[in-house]
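Note sheet for the following structure.
No value in this document is a laboratory result; all are computed from the given coordinates. This structure is a prediction, so every number in the text was calculated from the model and none was measured. FYI the Cβ positions are ideal-geometry reconstructions off the backbone, even for glycines, and counts take in every protein chain you see.
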Amino acid sequence: MPFEGIGAAVRRKEDARFLSGRGNYTDDINRPGQLYAYVRRSDRPHARISRIDTTQASKAPGVMAVFTGADMAADNIGGLPCGWQIHCKDGSPMKEPPHPVLAVDKVRHVGDPIAVVVAETKQAAKDAAELIEIDYQELPAVASVRDAVASGAPLVHDDAPGNICYDWHIGDKAVVDAAFAKAAKVVKLELTNNRLIPNAMEPRAAVGDFDPNSGDFTLYTTSQNPHVIRLLMGAFVLHIPENKLRVVAPDVGGGFGSKIYHYAEEATVTWAAGKVRRPVKWTAERAESFMSDAHGRDHDTVAEMALDADGTFLGLRVSTLANMGGYLSTFAPCIPTYLYATLLAGVYKTPVIYCEVKAVFTNTVPVDAYRGAGRPEATFLLERLVDVCARDTGMDRVAIRRKNFIPADAFPYQTPVALQYDSGDYQATLDACLKAADYAGFEARRGAAAAKGKLRGIGISTYLEACGIAPSAVVGSLGARAGLYEVANIKVHPTGSVTVYTGTHSHGQGHETTLAQLVCDQLGVPLDQVEVVHGDTGKIPFGMGTYGSRSLAVGGTAMVKAMDKIIAKGKKIAAHLMEASVEDIEFKDGQFSVAGTDKSKTLTDISLAAYVPHNYPIEELEPGLDETAFYDPKNFTFPGGCHVAEVEIDKDTGVTEVVNFVAVDDVGRVINPMIVEGQVQGGVAQGIGQALLENAVYDEGGQLLSGSFMDYSMPRANDLPMITVGTEITLCTHNPLGVKGCGEVGAIGSPPAVINAVIDALKDYGVRHIDMPASPQKLWSIIQSGTPRMAAE
Amino acid sequence: MPQVTLTVNGKRHTVEVEGRTLLVELLREKLGLTGTHVGCDTSQCGACVVHVDGVSAKSCTMLALQADGSNVLTIEGLAAADGTLHPMQEMFREHHALQCGFCTPGMVMSAVDLVNAHPEGLSEKQIREGLEGNLCRCTGYHNIVKAIAAAWPLMHQKAAAAE
Ligand code: FES
Ligand code: FES
């Protein structure tokens, strides 16, 4: 058997269909008798709706029905629920205003859905939607967090005074203030983390189907977690019990977080299908994606580091305003709190940390997790601040990091912000990355670039993140309204092939291959005899889906546990067949053998006996070889590493070219190195995008200015370099695979590396900080505004 | 309703369309060829790229009527009749140049045209510039660039051998 198990760079099983145009994405699904939905959305950032008249639209050709929020309310349809409740400093719960599926009396952002037309064709639905008459009373709007918290700002929700959703904190302020009082030096930095639009290439889509005979509903949707959608939509919105609702997330064209949440259109098409008793399909146009997919990031932060005279970090104090948008998206409240502030120790042994976060409502699209979710914000803050500490104290950027690293022998390491890291070696990833990037040889390259009239800089980021989300009891105590375990059902069929039913979901990660490799490794079954099934609540027992780099650490571990059960049962069957005692049976490479003898049985012998139990210990053992395991992780996992970016800035245009990028990450054990590399490269591309190109811009009145690919600068092939990826691993100590997760590291580690490099390139211009994106215009202005000054001025 | 007659993947079709029907709508909705994708509404992403008379074209930016009488090749028709993958498909698989697969059909069709158009050779820079009209959110393009570079000799050797 070829080597296909853990560590093999096997080519992906899913590629054949994707490469031949045989993928099965939601918009490819057509149900018999299907109708099409078009959503009429608000073009006003903030307004009262005084009248909606659907008379003309209802009479338009091909129209079956027009529905508004009032129709849903009449049917007792609930609002979109929020899955996480944060408590404020004073113990009070966050403000959680209603989030109607279709806006009823007020719209709160451009793109807020108001009505839906269901018609025979997409064009008929769209044409009719134009005929809906809506009278608005416009209200003043707020788009930025600073404007939203200003006194006298218009209120997005009447019951959220000051537009504050919550005012939360972590750490002991008095202790941190005391550390600052005795510090030799305090370094302060104000920064923003730019708002991003995830833009998976597949626009969101949903097809609702209703079977009048059985009363069963099926929703096909672009989701990262179909069971979560079934739970939220069934229990809280449409009141359909789980046994009458199937949610299928077929091939999904990228998610990056934006397809975790339960969206209005999913509930709308499912409900509408029941009303008109025919299937109803909705597919977003890209313009709708820009104004209705949850956005990411959008923080405004003041951070201060207290240092002693030799550059040791004594304390960190952080105050952040986080934009929630017009409503709370499914997981929004936990992003700037438990996925952000708890990461502020980073790879450093900063002894005391205090962070306060105000989450703020604005007249913008809801903000939620986007690749990295909270951790890129924490990392950008820390790695910028550490560079500024080096600059302000005159220390070397590498030296100040090494001095403050948590040493490799300090694990398990308890941070002052709740997390306990299990393993890591930050010196090792830093060393390997500096070497691969030829950091030592940089000054010569800077000189060579200068001779060509280019400004060259190099930047480092040493980072850590928390993923493998998450221990249920822990997140429950922090406000999560769900458990975050994972589920696997593994069937060994009578003739020895295997089907894995996983609660995780693949939307580009390659689970059909990686998860199958786990089966090769543990059960000794060849890859082509293993099938991985995901994304269908009708087939899979349960699952929490894929986000937070959790699929292997949590979902893979559930598989290991299910396979352990299969092996344990197989041993009993083998003992019976070979007339030996169970304790003497060993299992290796797909063979059950009796220790110390040459007697053995293959897994197929055992599975056949299990399903054709003629000679079988039927008195004490049930037939079949089919096991399910639920696994609740014991801790988060903590991937980390070092990213080095090297840039050249054109003095005449301000354009930055990333000329070299090296990432050396500790992602724990690697199952498929080819896939890990691809995940890191994709993440880095998004991180470089955030650092140099991407920005979701609202004008002061709440209109989205970057609402298409013409205005929102997506990274294109020519904007990016080849991305060198290395790994330098330590094993996760609390899951049997030793895996940590690799989906988000690229997007988390890279933005500060790029910005640190840009600032290094501009060191003669006295630049202390530049907010992202470091656009040509910003850099050109800096370069134009002055003769080079000395860096230390 | 007006009619259009065109050949798609070697098969002739006559289809009724509205004047405003796009080529991509004809392919996906009338012919059921859902391998060609729609990723945007501003002609920016290239998920919809097919070949029209041998040259890549954004099928979201062409009316179905404009394709009347033409010969269209979509991703479904790229592999050989016996199912053998085109070298570009093969190299995308070999170099892990796809993750979610959504950009892939358009990316592959663009890449085939790019390689065809450059028998003299293709540098990394030219490949990156040649992908100007194709967005991928998953891969960071690194492996796509590698796959196209690896497909170039295979495609041109094959062409040379056939001559
Ligand atoms: S669909 Fe985006 S360019 Fe055609
Ligand atoms: S592979 Fe997902 S967009 Fe390219």
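Extension gain residue A:50-residue A:581, at 0.36 nm per residue separation less the Cα-Cα distance, in nm? Let's see the in-between values first.
Details: separation 531, 0.36 × 531 = 191.16 nm, distance 7.90 nm.
The span from residue A:50 to residue A:581 would gain 183.3 nm if fully extended.
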State the extension gain, in nm to one decimal, for the chain segment bounded by residue A:190 and residue A:43, taking 0.36 nm per residue of separation less the distance between their alpha-carbons. 49.6 nm
Eligible aspartates and glutamates near residue A:634 by straight Cα distance, threshold 20 Å, same-chain separation 8 or greater: A:422, A:465, A:486, A:564, A:666
Return one number: the angle in degrees, 0 to 90 and rounded to the nearest 10, between the long axis of the Cα atoms of helix B:142-162 and the longest principal axis of the Cα atoms of chain B. 80 degrees
At q = 0.19, 0.21 Å⁻¹, what base-10 log of I(q)/I(0) does the Debye formula yield for the stretch A:593-717 when every alpha carbon is treated as an equal point scatterer in vacuo? -1.16, -1.22
Karplus-derived 3J(HN,Hα) from phi for the stretch A:308-313 (6.51 cos²θ - 1.76 cosθ + 1.60, θ = phi - 60°), whole Hz, x at Gly and Pro, runs 8, 5, 9, x, 7, 6
For the residue pair residue A:621 and residue A:151, what label-to-label distance in nm results when each label sits 7 Å from Cα along the Cα-to-beta-carbon direction? 7.7 nm
In Å, descending, principal axis extents of the Cα set of chain A: 88, 76, 53
Per-residue counts of other Cβ atoms within 10 Å, averaged by peptide: what ranking do you get for B:80-92, A:304-316, highest first? A:304-316, B:80-92
Nearest 10 degrees, 0 to 90: helix B:104-116 Cα axis against chain B principal axis: 70 degrees
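Enter the per residue convex hull volume of the stretch A:69-217, computed from alpha-carbon coordinates, in Å³ rounded to the nearest integer.
Considering the Cα atoms of the stretch A:69-217, their hull volume per residue is 224 Å³.
With charges set only on the Cβ (+1 for Lys and Arg, -1 for Asp and Glu), what does the dipole of the protein assembly as shown come to about its Cα centre, in debye to the nearest 20? Show your work: numbers first, answer last.
Details: 85 positive and 112 negative charges, 123 e Å.
The calculated dipole for the protein assembly as shown is roughly 600 debye.
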Peptide A:685-692 - average C-beta neighbours from other chains (10 Å radius): 2
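Net charge around residue A:229, counting only other residues with Cβ within less than 13 Å of its Cβ (Lys, Arg = +1; Asp, Glu = -1)? It would help to have the intermediate numbers written out before the result.
Numbers: positive: A:204, A:230, A:246, A:259; negative: A:242, A:265, A:266, A:536.
Summing Lys/Arg as +1 and Asp/Glu as -1 gives 0.
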Let me understand the stretch A:135-281 better: what is its radius of gyration from the alpha carbons, and its Dmax, in angstrom? 22.7, 76
Run the helix sum for the protein assembly as shown: -39,500 (n - 2.57) per DSSP H stretch of 4+ residues, divided by residue count, reported at 222 nm to the nearest 500 deg cm²/dmol. -8000 deg cm²/dmol
Efficiency of FRET between residue A:105 and residue A:242 - r from beta-carbon atoms, R0 41 angstrom, step 0.05: 0.80
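In terms of the Cα gyration tensor, with a ≥ b ≥ c the square roots of its eigenvalues, is the stretch A:485-631 rounded because a/c is under 1.5, prolate because a/b exceeds b/c, or oblate? Spell out each step's value before the answer.
On the way: a/c = 2.29, a/b = 1.98, b/c = 1.16.
Note, shape of the stretch A:485-631 comes out prolate.
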Out of A:611, A:2, A:183, whose Cα points farthest toward the positive end of the dipole of the protein assembly as shown (charges: +1 Lys, Arg; -1 Asp, Glu; placed on Cβ)? A:183
Calculate the mean, over all residues of peptide A:196-207, of how many other protein chain Cβ atoms lie within 10 angstrom of the residue's Cβ. 4
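Given R₀ = 45 Å, what would the calculated FRET efficiency be for residue A:409 paired with residue B:123, taking r from the Cβ atoms and rounding to 0.05? If you can, show how the numbers build up before the last one.
Numbers: r = 48 Å, r/R0 = 1.07.
Result of the calculation: an efficiency of 0.40.
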Extension gain from residue A:705 to residue A:393, taking 0.36 nm per residue of separation minus the Cα-Cα distance: 108.3 nm
Going out from 0 in 5 Å bins, what whole percent of all Cα-Cα distances in the stretch A:383-434 drops into each bin? 4, 18, 22, 20, 21, 12, 2
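In nm², what is the average projected area of the convex hull enclosing the Cα atoms of the stretch B:20-163?
8.9 nm²
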Amide N of the stretch A:243-270 lying under 14 Å from the label point, which is placed 7 angstrom from the Cα of residue A:76 along Cα→Cβ: none
Given A:143-152, A:336-345, the highest-first ranking by average Cβ count within 10 Å works out to A:336-345, A:143-152
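Using mean Cβ contacts within 10 Å as the protection proxy, how do A:448-461, A:16-29 order, highest first?
Numbers: A:448-461: 18.8, A:16-29: 20.6.
Averaged packing, sorted descending, gives the order A:16-29, A:448-461.
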For chain B, set up a Gaussian network in which alpha carbons nearer than 10 Å are linked by springs, and say which option among B:74, B:14, B:61 fluctuates the most. B:14
In peptide A:707-713, what is the residue-averaged number of other protein chain Cβ atoms found within 10 Å of each Cβ? 3
In sequence order, what are the phi-derived ³J(HN,Hα) couplings for the stretch A:633-649 according to the Karplus relation 6.51 cos²θ - 1.76 cosθ + 1.60 with θ = phi - 60°, rounded to whole Hz, with x for glycine and proline? x, 7, 7, 6, 9, 10, x, x, x, 9, 10, 10, 10, 10, 10, 10, 10
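Rounded, prolate or oblate: which one fits the stretch A:691-793, using the alpha carbon gyration tensor with axes a ≥ b ≥ c (rounded when a/c is under 1.5, else prolate when a/b beats b/c, else oblate)?
Working: a/c = 2.47, a/b = 1.41, b/c = 1.75.
It is oblate, given that a/c is not under 1.5 and a/b is not larger than b/c.
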Karplus-derived HN-Hα couplings along the stretch A:495-511 (A = 6.51, B = -1.76, C = 1.60, θ = phi - 60°), whole Hz, x at Gly and Pro: 9, x, 7, 10, 10, 9, 10, 10, x, 7, 9, 9, 10, x, 6, x, 4
The alpha-carbon center of the stretch A:122-193 and that of the stretch B:22-96 are separated, in whole Å, by 43 Å
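Give the residue list of GluC sites (Glu not before Pro) in the stretch A:590-667 that are DSSP loop and have at most 13 other beta-carbon atoms within 10 angstrom.
Within the stretch A:590-667, the qualifying GluC sites (Glu not before Pro) (loop, at most 13 other Cβ atoms within 10 Å) are A:619, A:620.
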To the nearest 20 Debye, how big is the dipole of the stretch A:183-330 about its Cα centre, given +1 on the beta carbon of each Lys and Arg and -1 on that of each Asp and Glu? 360 debye
Label point at residue A:9 placed 7 Å out along Cα→Cβ; residues across the stretch B:115-158 whose backbone nitrogen lies under 18 Å: B:139-151
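Compute the Rg to Rh ratio over the stretch B:3-77 from the alpha carbon atoms, using the Kirkwood formula for Rh, and round to two decimal places.
Values: Rg = 10.8 Å, Rh = 11.9 Å.
Value, to two decimals: 0.91.
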